[in-house]
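Below is one structure; the comments refer to it alone.
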Amino acid sequence: MSAVLERYEALKRQAEQTLTARLEKPRVLVGTATCGRAAGALKVLEVFREGVAQHGLDVEVEEVGCLGYCYAEPTVIIYKPGFPPLCYMNVDEGIASRLVTDYLVGGDPCFDFAYAALEPNDVFPTLADYPRGFSEQRIILADCGLINPEDINQYLQRDGYRALAKALSMAPEEIIGEIKASGLRGRGGAGFPTGVKWEICRSKEADEKYVICNADEGDPGAFMDRALLESTPHQLLEGLIIAGYAVGAKQGYIYVRAEYPLAIERLKTALAQAREKGLLGENILGSGFSFAIDLFQGSGAFVCGEETALIASMEGRAGIPSHRPPFPAEKGFRGKPTVINNVKTLSYVPHIIRNGAEWFRSIGTPSSPGTAVLALAGKVVGTGLVEVPMGTTLRTLIYDVGGGIKNDKAFKAVQIGGPSGGCLPESALDLPIDFDSLQQAGAMMGSGGVVVLDEDDCMVEIARYFLEFTQKESCGKCTFCRLGTRQMLEILTDITKGRGKLEDIDLLQEIAEDVKAGSLCGLGKTAPNPVLTTLRFFRHEYEIHVKEGRCPALMCKDLISYVIDPKKCRKLCDACVGSCPVEAVYTRPDQLKAIDLEKCVKCDNCLVTCLPLYQAVIKVSPPLKVEGGQDK
Amino acid sequence: MSRQVTITIDGQQVTAAEGDKLLWVALDHGIYIPHLCGIREKEHPDASCRLCFVEVEGLPNPVTSCTLPVKEGMVVRTRSERVDRLVRTAFELLLSNHRLSCAKCGKNGRCELQKIAQERGLKLKLTRMRSLLVEKPVDDSPEKFYYDPNRCVLCGRCVWADREKAKIGAIGFVRRGMDRRVAAFWEQPLADSPCIECLACVEACPVGALVAKEMKE
């Protein structure tokens, strides 16, 4: 065994020894990533800590990252000898105190509150017994929510940093060969082969080289990078150090959004621990290879996720993209060859080095090996962070992993790839999720954001919403993106307000195609995708808006009116009257309620209030004419 | 001196130094390609105006000629349906945010927008696009010139001239997106900036944004 591996084994043994006594005790793991905190995880944590202290229990209460079950946060896992490890979801303070008294003090695991067991057993189903668990295959999310991100020993105990030790015993070219053979493609969106990028950088003669982890996750609704940083930061560090060794860099950076304070805190802790263990810094594991990692906090612009803009912003210039080539791998940060990889891409690296390229290729599709990490959001029951093999169909993703559409509504479209992705209709549900299939369909892998839309979503408004985001985030450098997206937004706004003309739809299509073909950087090139795909698959919705002044999904505020159906309204109820902020809802002489259209601001309050009662408040489109302030 | 190569532009054979950017090679041989932001001396082109598209045999899509190094045997067409369409849209987009009153403009007759319109048969008025122009105040503070941001096309030639030729650094790009504009630090009037009124920027401006005052009468 090489000296490097021996050093590693010693570290691992040490970690195991430190942990053994603790792991034998009952343990409570509370998911306190940003998502859990937003749902109240810190209060739940407090209840466990206080309960344990109050009852004088010998129980470890630990903070862990995110399991990915967004809809069921906060999540808690309890290990207690004699029971399978159990996962509880939607835990509030009440449930937490019950778990303390009944389970930790008593011996009743409160199966009513439990969602699943983590290990196969005779009494309770495991995560894998659910459709979601069955369809998922976790590689880089595998440790998320199960280990304490601030304890390097827990990562080491699970064979963490073994890939680094192995890599340091290999020649850099061998590592690049392995990554190339694995077919790993960049998870930042474009899907460029990672090994090829590394090879280009390695082949350049330069006194300095850099590797940068792009953690400037900016897509609305995408949070997989944040979850990885907050849940298993060492996995990323390991991948980054291996990348540095492979391309011949001595310095690495993590470009992380300043808007991710918890991720930054946990990264800092992880960096300090890795340095202390000799896994980072001078002469790593006695191999002679030295590597430093520094954090760089992004300055807020969405376009800084584009690699040339990212470099500009690190060099102290405005975060504005420039023409490629030269590609950063040839001439990047400070003019030196620079590899820029996404958080997810680098997180796969340790697994590939440890298990081999063949193993990685056995998952996913031939052209897109491995898994896809997706943020499932929108009108789907089980929102969350999921990891499925590439090639999984959208149908499996939405109906098995996601549990189907909320409130038994009808599926309309799925928007995949973030704000620059495309909207695909029902006919695309059997499309496999991989880089090439999605691109062919007009969408893209992008960051992996998946927004499910139902019958209540207007496709024109959805296109307008996403375009508004990209238009605002345009840096303004190139003509097509600065002005073209604005022209498109003006047209879309007109259509959603009922001012559109038929020829506007063709013009929208023309400008969208030109912006896609003519823009300088990826932001402009992809910004028209939501418009082009909705025009392709839902053109009739555009036409109904223009020709009939009607929004078929009853979503565009200017094209609807709120009315009360007197047949459903009840004389003795006035919940809607109280809910109206502008006193538009009034009581008619016959005690039924009605809405003064002139006063109504279409805030939706009365409809939401009446929904569980009588469903008497309804929306109609086209809007009713206002006559003398009374609805007819 | 670098190797000489022979390329074909619109059927015409021309020789040029390998690696030179196609835009300048074409212009040097009297073949016009629309352009606004291109600066010959600049090593890394901005490629921001998106007007200099050409078709190159073997490349799937039109490319900007300002960024394309010439190679032996390259076959280029400066016009095609796709090129014309992109150029027309980019041109009209620029016009949609440009004060269109040529008769009252100090650069009337010497404006590169007018030249592009003439060369490519494009109209100097808005036919398809909406006007996006939000009138901004003209900076009349310098003695020798004035700056009309409503006529600026954000080509960046003034910024380059100010920094690289005049070596002053009085102006730069500020703000983002639709608000991007050329201005002095803190958007103060040019007269209060380090500007020495050398007129390097005025000379560089292809349109009526920076205009010498004696021209104004």
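The values are calculated or read from the model by the stated rules, or taken from the named source; none is laboratory data. As the structure is a prediction and not an experimental result, all values here were calculated from the model. Using ideal geometry, Cβ is built from the backbone for each residue, glycine included, and neighbour counts are taken over all protein chains shown. Each accessible area value is taken on the protein alone, full model and side chains, heavy atoms only, with ligands, DNA and RNA left out. Shrake-Rupley method; radii C 1.70, N 1.55, O 1.52, S 1.80 Å.
Testing A:Gly298 on (1) within 14 Å of chain B (Cβ to nearest Cβ); (2) touching a Cys at 6+ places or on another chain (Cβ under 7 Å); (3) at pLDDT below 95, one condition comes back false. Which one is that?
Unmet for A:Gly298, out of (1) within 14 Å of chain B (Cβ to nearest Cβ); (2) touching a Cys at 6+ places or on another chain (Cβ under 7 Å); (3) at pLDDT below 95: (1).
Looking at B:Pro62 and the list (1) buried (at least 18 other Cβ atoms within 10 Å of the Cβ); (2) within 17 Å of the chain's Cα centre (by Cα), which single condition is not satisfied?
Status for B:Pro62: all satisfied but (2).
Please work out if A:Asp400 is more than 14 Å from chain B (Cβ to nearest Cβ), out of contact with any strand residue (DSSP E or B) (no Cβ under 7 Å at 6 or more places or on another chain) and not in a helix (DSSP H, G or I).
The answer is no for A:Asp400.
If A:Gly186 satisfies all but one of (1) in contact with a Lys or Arg (Cβ under 9 Å, 6 or more places away or on another chain); (2) open to solvent by 20 Å² or more (accessible area, probe 1.4 Å), what's the number of the condition it fails?
(2)
Exactly one condition in (1) within 14 Å of another protein chain (Cβ to nearest Cβ); (2) closer than 16 Å to B:Cys49 by Cα is not met by B:Met129; state its number.
Evaluating B:Met129 over (1) within 14 Å of another protein chain (Cβ to nearest Cβ); (2) closer than 16 Å to B:Cys49 by Cα leaves (2) as the failure.
Of all helices (runs of 4 or more DSSP H) completely enclosed by region A:197-281, which ones contain at least 2 residues that are of a type in the set (S, T, N, Q) and open to solvent by 10 Å² or more (accessible area, probe 1.4 Å)?
Those helices (runs of 4 or more DSSP H) span A:261-276.
With the condition being in contact (Cβ under 8 Å) with a residue 12 or more places away in the chain and of a type in the set (Phe, Trp, Tyr), I'd like the helices (runs of 4 or more DSSP H) fully within region A:31-133 carrying at least 1 qualifying residues.
A:41-54
Kindly indicate the residue of region B:172-211 that is open to solvent by less than 20 Å² (accessible area, probe 1.4 Å) and part of a strand (DSSP E or B) and also nearest to the other protein chains (Cβ to nearest Cβ) among those meeting that condition.
B:Gly172
I need the helices (runs of 4 or more DSSP H) fully contained in region A:417-498, keeping only those with at least 1 residues that are away from chain B (no Cβ under 12 Å), of a type in the set (D, E, K, R) and in contact (Cβ under 8 Å) with a residue 24 or more places away in the chain.
Per the criteria, A:435-440, A:459-473.
Just checking, does region B:90-97 include any residue being open to solvent by 10 Å² or more (accessible area, probe 1.4 Å), touching a Gly at 6+ places or on another chain (Cβ under 8 Å) and at negative phi?
Within region B:90-97, none of the residues are open to solvent by 10 Å² or more (accessible area, probe 1.4 Å), touching a Gly at 6+ places or on another chain (Cβ under 8 Å) and at negative phi.
So, in region A:518-538, how many residues would count as being free of Cβ contacts under 8 Å to residues at least 24 places away in the same chain and away from chain B (no Cβ under 11 Å)?
Total satisfying the criteria: 0.
Looking at A:Val531, A:Val582, can you tell me which residue is open to solvent by 50 Å² or more (accessible area, probe 1.4 Å) and of a type in the set (A, V, I, L, M)?
The match here is A:Val582.
List the residue pairs whose Cβ atoms are under 7 Å apart, where the first residue sits in region A:308-324 and is farther than 16 Å from A:Arg257 by Cβ and away from chain B (no Cβ under 11 Å), the second is of a type in the set (A, V, I, L, M) and assigned to a loop (DSSP other than H, G, I, E, B), and the two are 6 or more positions apart or on different chains.
Between residues of region A:308-324 that are farther than 16 Å from A:Arg257 by Cβ and away from chain B (no Cβ under 11 Å) and residues that are of a type in the set (A, V, I, L, M) and assigned to a loop (DSSP other than H, G, I, E, B), the close pairs are A:Ala312/A:Ala318; A:Ala312/A:Ile320.
Run A:Arg536 past the list (1) charged (D, E, K, R); (2) surrounded by fewer than 16 Cβ atoms within 10 Å (Cβ to Cβ); (3) outside the structural domain of A:Lys472 (by TED's automatic domain parsing) and report the number of the one that doesn't hold.
It fails just one condition, (3).
Out of region A:499-517, which residues are touching a Pro at 6+ places or on another chain (Cβ under 8 Å) and more than 7 Å from chain B (Cβ to nearest Cβ)?
A:Ala512, A:Glu513, A:Val515, A:Lys516
Given B:Glu119, B:Glu43, B:Glu112, which one is surrounded by fewer than 23 Cβ atoms within 10 Å (Cβ to Cβ), acidic (Asp, Glu) and not assigned by TED's automatic domain parsing to the domain that holds B:Arg176?
Step by step, each of B:Glu119, B:Glu43, B:Glu112 is checked, and only B:Glu43 is surrounded by fewer than 23 Cβ atoms within 10 Å (Cβ to Cβ), acidic (Asp, Glu) and not assigned by TED's automatic domain parsing to the domain that holds B:Arg176.
Which of the residues spanning region A:502-518 are within 14 Å of B:Met129 (Cβ to Cβ) and touching a helix residue (DSSP H, G or I) at 6+ places or on another chain (Cβ under 9 Å)?
A:Asp504, A:Leu507, A:Leu508, A:Glu510, A:Ile511, A:Ala512, A:Asp514, A:Val515, listed by residue number.
For A:Leu597, are the conditions met, namely being in contact (Cβ under 8 Å) with a residue 24 or more places away in the chain, out of contact with any strand residue (DSSP E or B) (no Cβ under 9 Å at 6 or more places or on another chain) and in a loop (DSSP other than H, G, I, E, B)?
The answer is no for A:Leu597.
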